[in-house]
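Taking it in order: structure first as structure tokens, then the write-up.
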Amino acid sequence: MTKTRRNEIIKELKYALHVCVRPFDGFWDLKHEKRGSIEAAFILLASWIIIQALAYRYTGVVINMINWEYYNVWLAVFTMVVPLFLWCIANWCLTTLMDGKGTFKDIFIASCYALTPYILINPILIILSNILTSDELAFYAVLYYFSRFWFFFLILAAMKETHEYAFGKAIFSSFLTIFGIGVIIFLFFIFFSLITDAISYFVSLYKEIVFRFY
């Protein structure tokens, strides 16, 4: 990677701060003015995963209820990344049928930029969880729910500007996307069950043939 490209990616990452403050203009320019990139999106995604993993590990014991005997870091990463990609897939499929203007790449980049509140606030939450007492956790809770509200608002703004929807239609398409994720998961489990049954059938058939001839 050239020095020029590295500087461009740094500018694209800094633009995530602008998106947080001015989401409607920010997401519009993110798509139409090419103020973001797939590389910056993956860096933001990786940052979110790392910070979430650190939160699982270093959040104070007053809040952190994880049983480390059964904790699997790879499973935790899987449960973070897969929902994001399912969101992008379901949203792309649905908005294609609803006159959405965003490509899968546009949706992925915008969704990753919407993760910025987590990246900014979670390190503060980790620190607070280790210095606050149980009676002071209201401060932690306010900041925690604010970051979540901020993220959800950014996602809606991202869908509005990416697909050039009215805000109401962006909300409606987002709810349909959540429903679509459920359908995808349901179909996956049906497919997995059918494949498992088919494999079991052929294994049983093979054992029966071997038993009869040998």
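The values are calculated or read from the model by the stated rules, or taken from the named source; none is laboratory data. As the structure is a prediction and not an experimental result, all values here were calculated from the model. All Cβ positions, glycine included, derive from the backbone under ideal geometry; neighbour counts span all protein chains shown.
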Please go through segment 131-140 and give me each residue that is surrounded by 14 or more Cβ atoms within 10 Å (Cβ to Cβ) and either modelled with pLDDT of 85 or more or among the charged types (D, E, K, R) (or both), ordered by number. Y140
Any pair with Cβ under 6 angstrom, 6 or more apart, that starts in segment 77-101 at a residue that is free of Cβ contacts under 8 Å to residues at least 24 places away in the same chain and ends at one that is surrounded by fewer than 16 Cβ atoms within 10 Å (Cβ to Cβ): W92/F104
Pairs only if they're at least six apart or on different chains, beta carbon under 7 angstrom, first in segment 127-138 and within 10 Å of G60 (Cβ to Cβ), second of a type outside the set (A, V, I, L, M, F, W, C); list them, first residue then second. L128/Y140; S129/T59; S129/G60; S129/Y140; N130/G60; L132/Y140
Going through segment 150-170 in order, the residues found to be over 15 Å from S111 (Cα atoms), in contact (Cβ under 8 Å) with a residue 12 or more places away in the chain and assigned to a helix (DSSP H, G or I) are K169
Enumeration of residues in segment 1-14 that are surrounded by fewer than 19 Cβ atoms within 10 Å (Cβ to Cβ) and in a helix (DSSP H, G or I): K3, T4, R5, R6, N7, E8, I9, I10, K11, K14
Consider segment 95-110. How many of its residues are crowded, with 17+ Cβ neighbours inside 10 Å, more than 12 Å from the chain's Cα centre (by Cα) and assigned to a helix (DSSP H, G or I)? 2
If you take the residues in segment 36-60 that are of a type outside the set (V, I, T) and without any contact (Cβ under 8 Å) to a residue 24 or more places away in the chain, which one is surrounded by the fewest Cβ atoms within 10 Å (Cβ to Cβ)? A46
Every pair of residues 6+ apart whose Cβ atoms lie under 6 Å, when the first sits in segment 1-17 and is under 23 Å from Y118 (Cα atoms) while the second is of a type in the set (F, W, Y): A16/Y113
In segment 141-183, which residues are under 20 Å from L84 (Cβ atoms) and exposed (fewer than 15 other Cβ atoms within 10 Å of the Cβ)? R148, F149, F152, F153, I171, F175, I178, F179, G182, V183
Pick out the one residue from S193, S200, S173, S147 that is touching a Pro at 6+ places or on another chain (Cβ under 8 Å), assigned to a helix (DSSP H, G or I) and not aromatic (F, W, Y). S147
